[in-house]
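Colleague: Below is the structure I would like to discuss, written out as structure tokens.
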2 protein chains.
Amino acid sequence: MKDIFFTPGPSELFFTVEDHIKNGFKNNIYSISHRSSEFKIIYEECINRLKSFLRIPQGYHIAFLSSTNEIWERIIQNLIEEESGHCINGAFSKKFYDFAILNKINATAYNYKNQEYKINEIANSHELLAITLNETSTGIMCDGDTIRKIRSKIDSLIALDCVSGIPSLPFNINDVDTFYFSVQKCFGLPSGLGVWVYNDKCLDKHNKLKEKKNTGTYHSLHKLHEMSQKFQTPETPNVLSIYLLSKVLNDMMKIGIENIIRDTNYKSSLLYNTINKHESFSPYINDKNIQSKTVIISNCKKESDYYIDILKNKRLIIGKGYGKVKNQIRIANFPTHSKEVFELLCDEITHIK
Amino acid sequence: MKDIFFTPGPSELFFTVEDHIKNGFKNNIYSISHRSSEFKIIYEECINRLKSFLRIPQGYHIAFLSSTNEIWERIIQNLIEEESGHCINGAFSKKFYDFAILNKINATAYNYKNQEYKINEIANSHELLAITLNETSTGIMCDGDTIRKIRSKIDSLIALDCVSGIPSLPFNINDVDTFYFSVQKCFGLPSGLGVWVYNDKCLDKHNKLKEKKNTGTYHSLHKLHEMSQKFQTPETPNVLSIYLLSKVLNDMMKIGIENIIRDTNYKSSLLYNTINKHESFSPYINDKNIQSKTVIISNCKKESDYYIDILKNKRLIIGKGYGKVKNQIRIANFPTHSKEVFELLCDEITHIK
């Protein structure tokens with residue numbers, strides 16, 4: 001048996017990735033020009049599959065960047081003039097806020113440590129409100145109902161961080177104006193590609209803004225959008241990653257997004273049950289409404305290395321707590337993790353003394 | 001026989017890349033955390049090999065970004081306060097200048113269309129002077145002597161674009177303060193990684209600047225430098241590409257940089273001789289001092305598609321002229337192209353009617 005990675009990203013590769021990479025060599029995908037018709041076909045196919053698989057409505061568009069860190073910076077440059085609001089429930093939502101501050105944006109932080117967003121506290125005056133579908137650092141999820149409630153209360157642009165949530169955690173895309181993710185989480189790909197989805201309202205805002213401030217160069221939103229309409233990127237992109245994403249989307253479409261969501265729910269229930277029953281473990285997040293289904297975090301009696309090493313000996317690789325936290329483990333529940341390997345993992349956790 | 005790509009990037013992969021990618025799967029490289037000790041070892045090894053192979057002197061440092069377009073933007077944000085000088089001899093050096101203008105930099109263009117840099121024209125008052133080792137769009141090379149002469153005349157920071165030049169075209173690194181390249185040219189890797197080398201003088205300049213202006217967020221130079229000292233990146237990087245670069249550097253070190261340079265000279269002489277003798281072709285750049293050895297451009301009597309298709313039928317894939325140019329072909333001469341395949345290519349070109 002080989003190692004199975006349950007780390008929260010980079011993680012276990014989607015099980016078809018190795019074959020797709022090999023086929024890419026046969027078909028010269030990594031040598032073709034990014035200005036060639038062959039590349040444009042790969043690009044268009046990837047965009048069409050994203051739109052179809054994620055059911056992206058009309059009026060929403062897609063651009064490829066290199067990471068979510070980059071997308072945070074581009075959102076700040078391209079969609080915010082003076083101020084923004086940030087619902088913060090972990091290190092990554094905090095980092096987006098920090099980026100805004102570094103960019104001299106008058107950003108407001110709404111801090112929700114281990115609790116639901118308090119929608120009534122959020123001002124309706126922000127240019128853009130940043131929320132998070134799944135906080136990878138703390139394992140806090142925001143469900144579709146909450147996002148809908150925010151949409152009904154808030155008139156500003158809404159940006160949803162979907163890094164470790166999409167496509168496993170459902171939400172209504174019409175409830176947000178922009179969302180984004182990177183491919184090394186639920187899509188099970190090598191890291192190095194960020195996907196940015198934005199709607200016409202974002203484009204309108206950007207087109208007004210670009211007359212007033214510096215919105216960047218090759219990756220300013222209008223440049224990304226202009227090139228994207230031609231199935232191209234402004235720079236030489238990570239062709240390998242766009243190619244692999246398209247192939248994995250095709251595989252996931254065959255499985256079906258409903259089945260992926262259903263299996264995510266089953267596997268997360270199994271793991272939370274296992275943790276709840278075990279005397280050495282307890283869920284870090286107690287409120288079941290916000291317990292993440294894709295990044296499950298447990299407190300543990302001993303230091304995390306003890307448990308990580310026991311499972312590593314069984315070739316099951318789990319993650320440690322985020323940052324300097326010592327008594328936590330983090331376990332990813334992504335589409336590539338089958339029910340069978342999750343049952344195996346839960347069995348092994350149950351037997352830990 | 002499979003297709004052989006002589007396109008000027010993305011191009012033919014270095015001949016060891018497929019095996020290295022496969023080994024990466026065996027060793028779980030694409031699943032490991034970018035904060036793990038395993039990744040830090042890969043990072044450190046790659047940095048050490050770059051320093052050793054390219055003979056990077058003390059006081060120079062290395063950071064990984066996603067493309068040369070990004071490095072242009074970061075240089076402008078991080079090393080230029082008000083103004084810069086740009087020696088322009090093609091579309092890419094022009095693009096760097098355009099990026100500076102978009103960033104409200106008072107940039108000066110020195111235009112040298114198909115001719116050597118006129119060093120005496122260049123002002124010695126720039127904060128940073130941008131020059132190009134090899135212009136991929138026009139096939140114009142700048143040799144080490146010229147760079148040395150510029151260094152001896154100019155006190156400002158000197159930035160050298162090495163995209164399609166390094167490691168095949170030699171220059172003295174001490175003659176520049178920063179240089180950069182992307183890996184899909186001479187290193188024969190899939191696209192999606194830029195390498196930025198900068199010296200202590202750049203760091204000093206940046207550290208003063210960062211108090212005065214917005215130098216970016218996750219990829220500001222001090223953040224990149226701080227993380228690089230810990231063999232890490234600020235964001236989840238393109239781990240696959242850093243891993244492959246390290247492996248290919250190791251292969252190139254076994255061949256030796258002198259042998260790579262010598263073979264580059266041999267192959268380029270062969271191709272220029274072939275072009276000069278053929279009645280349908282003539283070199284686009286006539287001045288031998290600036291004729292590129294790595295991206296050879298030829299004018300041709302008929303439209304380029306005619307010649308491209310003939311060679312494609314022989315499974316030899318060459319490039320068309322840059323942008324909208326119709327009567328030009330571009331041929332890459334990179335380290336992965338053996339003398340044997342170059343002899344084959346020249347034979348086939350000779351026989352074109």
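Colleague: What pairs can you find where one residue is in segment A:1-13 and over 19 Å from A:Gly323 (Cα atoms), the other is open to solvent by less than 10 Å² (accessible area, probe 1.4 Å) and outside any loop (DSSP other than H, G, I, E, B), and their Cβ atoms are less than 7 Å apart, with a gap of 6+ or different chains?
Modeller: These pairs meet every condition: A:Ile4/A:Leu316.
Colleague: Another question about this same structure. Taking the residues in segment B:178-221 that are among the small types (Gly, Ala, Ser) and assigned to a loop (DSSP other than H, G, I, E, B) as candidates, determine which candidate is farthest from the chain's Cα centre (by Cα).
Modeller: Checked segment B:178-221; the qualifying residue farthest from the chain's Cα centre (by Cα) is B:Gly216.
Colleague: Looking at segment A:252-268, which of the residues that are out of contact with any helix residue (DSSP H, G or I) (no Cβ under 8 Å at 6 or more places or on another chain) and surrounded by 17 or more Cβ atoms within 10 Å (Cβ to Cβ) is farthest from A:Ser191 (Cα to Cα)?
Modeller: Narrowing segment A:252-268 to residues out of contact with any helix residue (DSSP H, G or I) (no Cβ under 8 Å at 6 or more places or on another chain): A:254-256, A:258-259, A:261-262, A:264-265, A:268.
Next cut, surrounded by 17 or more Cβ atoms within 10 Å (Cβ to Cβ) only: A:264, A:268.
Numbers: A:Thr264: 22, A:Ser268: 24 Å.
Ranking the qualifying residues of segment A:252-268, first place goes to A:Ser268.
Colleague: For the condition within 17 Å of the chain's Cα centre (by Cα), more than 30 Å from B:Asn299 (Cα to Cα) and more than 14 Å from chain A (Cβ to nearest Cβ), what is the one hit in B:Ile158, B:Ile147, B:Ile140, B:Ile154?
Modeller: When all the criteria are applied, what remains is B:Ile158.
Colleague: Please give the number of the condition A:Lys113 fails out of (1) without any contact (Cβ under 8 Å) to a residue 40 or more places away in the chain; (2) surrounded by 20 or more Cβ atoms within 10 Å (Cβ to Cβ).
Modeller: Status for A:Lys113: all satisfied but (2).
Colleague: Going through segment A:160-175 one residue at a time, which ones are buried (at least 20 other Cβ atoms within 10 Å of the Cβ) and without any contact (Cβ under 8 Å) to a residue 40 or more places away in the chain?
Modeller: A:Leu160, A:Cys162, A:Phe171 - these are the residues of segment A:160-175 that are buried (at least 20 other Cβ atoms within 10 Å of the Cβ) and without any contact (Cβ under 8 Å) to a residue 40 or more places away in the chain.
Colleague: Given (1) in contact with a Cys (Cβ under 7 Å, 6 or more places away or on another chain); (2) farther than 30 Å from A:Asn120 by Cβ, where does A:Lys2 come up short, assuming only one miss?
Modeller: (1)
Colleague: Could I ask something else about it? Of the conditions (1) surrounded by 18 or more Cβ atoms within 10 Å (Cβ to Cβ); (2) within 14 Å of chain B (Cβ to nearest Cβ); (3) farther than 30 Å from B:Ile21 by Cα, A:His222 satisfies every one except a single condition; which number is it?
Modeller: The failed condition is (1).
Colleague: If you don't mind, there's one more thing I want to ask. From (1) buried (at least 23 other Cβ atoms within 10 Å of the Cβ); (2) among the small types (Gly, Ala, Ser); (3) within 22 Å of the chain's Cα centre (by Cα); (4) within 13 Å of another protein chain (Cβ to nearest Cβ), pick out the condition that doesn't hold for B:Ser31.
Modeller: So the condition that B:Ser31 fails would be (3).
Colleague: Also: Being in contact (Cβ under 8 Å) with a residue 60 or more places away in the chain, touching a Leu at 6+ places or on another chain (Cβ under 7 Å), open to solvent by 20 Å² or more (accessible area, probe 1.4 Å) and assigned by TED's automatic domain parsing to the domain that holds B:Gln115 is the requirement here; does B:Lys201 meet it? Step through it out loud before you land on a result.
Modeller: Working: in contact (Cβ under 8 Å) with a residue 60 or more places away in the chain: no; touching a Leu at 6+ places or on another chain (Cβ under 7 Å): yes; open to solvent by 20 Å² or more (accessible area, probe 1.4 Å): yes; assigned by TED's automatic domain parsing to the domain that holds B:Gln115: yes.
Spelling it out, it is not the case that B:Lys201 is in contact (Cβ under 8 Å) with a residue 60 or more places away in the chain, touching a Leu at 6+ places or on another chain (Cβ under 7 Å), open to solvent by 20 Å² or more (accessible area, probe 1.4 Å) and assigned by TED's automatic domain parsing to the domain that holds B:Gln115.
Colleague: Filter segment B:116-145 down to the residues that are in contact (Cβ under 8 Å) with a residue 60 or more places away in the chain and polar (S, T, N, Q) and list them by number.
Modeller: Within segment B:116-145, B:Asn134, B:Thr136, B:Ser137, B:Thr138 qualify.
Colleague: I'd like to know if segment A:93-105 contains one or more residues that are more than 8 Å from every other protein chain (Cβ to nearest Cβ) and in contact (Cβ under 8 Å) with a residue 60 or more places away in the chain.
Modeller: So far as segment A:93-105 goes, yes, one or more of its residues are more than 8 Å from every other protein chain (Cβ to nearest Cβ) and in contact (Cβ under 8 Å) with a residue 60 or more places away in the chain.
Colleague: Among what's in segment A:11-26 and is within 7 Å of chain B (Cβ to nearest Cβ) and within 19 Å of B:Lys2 (Cα to Cα), pick the residue that is surrounded by the most Cβ atoms within 10 Å (Cβ to Cβ).
Modeller: Of everything passing the filter in segment A:11-26, A:Ile21 is surrounded by the most Cβ atoms within 10 Å (Cβ to Cβ).
Colleague: Within 14 Å of chain A (Cβ to nearest Cβ), in contact with a Pro (Cβ under 8 Å, 6 or more places away or on another chain) and in contact (Cβ under 8 Å) with a residue 60 or more places away in the chain, is that true of B:Gly188?
Modeller: For B:Gly188, the condition - within 14 Å of chain A (Cβ to nearest Cβ), in contact with a Pro (Cβ under 8 Å, 6 or more places away or on another chain) and in contact (Cβ under 8 Å) with a residue 60 or more places away in the chain - is met.
Colleague: While we're here: Of the residues A:Leu271, A:Leu249, only one is in the same structural domain as A:Gln115 (by TED's automatic domain parsing) and open to solvent by less than 30 Å² (accessible area, probe 1.4 Å); which?
Modeller: A:Leu249
Colleague: Which of the residues spanning segment A:40-70 are touching a helix residue (DSSP H, G or I) at 6+ places or on another chain (Cβ under 9 Å) and either of a type in the set (Val, Ile, Thr) or within 14 Å of chain B (Cβ to nearest Cβ) (or both)?
Modeller: A:Ile42, A:Tyr43, A:Ile47, A:Ile56, A:Ile62, A:Ala63, A:Phe64, A:Leu65, A:Ser66, A:Thr68, A:Asn69, A:Glu70
Colleague: Out of all the residues in segment B:36-59, which are hydroxyl-bearing (Ser, Thr, Tyr), surrounded by fewer than 20 Cβ atoms within 10 Å (Cβ to Cβ) and either under 20 Å from B:Tyr218 (Cβ atoms) or in contact (Cβ under 8 Å) with a residue 12 or more places away in the chain (or both)?
Modeller: B:Ser36, B:Ser52, listed by residue number.
Colleague: For segment B:228-248, give me each residue that is at the interface with another protein chain (Cβ under 7 Å from one of its Cβ atoms), under 23 Å from the mean Cα position of the chain (by Cα) and either over 10 Å from A:Ser191 (Cβ atoms) or assigned to a loop (DSSP other than H, G, I, E, B) (or both). Working first, answer last.
Modeller: Taking segment B:228-248 and keeping what is at the interface with another protein chain (Cβ under 7 Å from one of its Cβ atoms), we get B:234-241.
Cutting the leftovers down to under 23 Å from the mean Cα position of the chain (by Cα) gives us B:237-241.
Scanning segment B:228-248 gives B:Pro237, B:Asn238.
Colleague: Return yes when A:Asn207 is at negative phi, away from chain B (no Cβ under 12 Å) and touching a Gly at 6+ places or on another chain (Cβ under 9 Å) and no when it is not.
Modeller: Considered against the rule, which asks whether it is at negative phi, away from chain B (no Cβ under 12 Å) and touching a Gly at 6+ places or on another chain (Cβ under 9 Å), A:Asn207 comes out as no.
Colleague: Of the numbered conditions (1) under 19 Å from B:Glu135 (Cβ atoms); (2) surrounded by 13 or more Cβ atoms within 10 Å (Cβ to Cβ), B:Asn286 fails exactly one; give the number of that condition.
Modeller: For B:Asn286, the failing item is (2).
Colleague: Here's another thing I want to ask about it. Name the residues in segment B:322-333 that are at pLDDT 95 or above and either of a type in the set (Gly, Ala, Ser) or farther than 29 Å from B:Pro167 by Cβ (or both), would you?
Modeller: Correct list: B:Asn327, B:Ala332.
The values are calculated or read from the model by the stated rules, or taken from the named source; none is laboratory data. No experiment lies behind these values; they were computed from the predicted model shown. When we count neighbours, we look across all protein chains shown, and the Cβ atoms used for this are built from the backbone with ideal geometry, even at glycine. All accessible areas refer to the heavy atoms of the entire protein, side chains included, with ligands and DNA or RNA removed. Shrake-Rupley method; radii C 1.70, N 1.55, O 1.52, S 1.80 Å.
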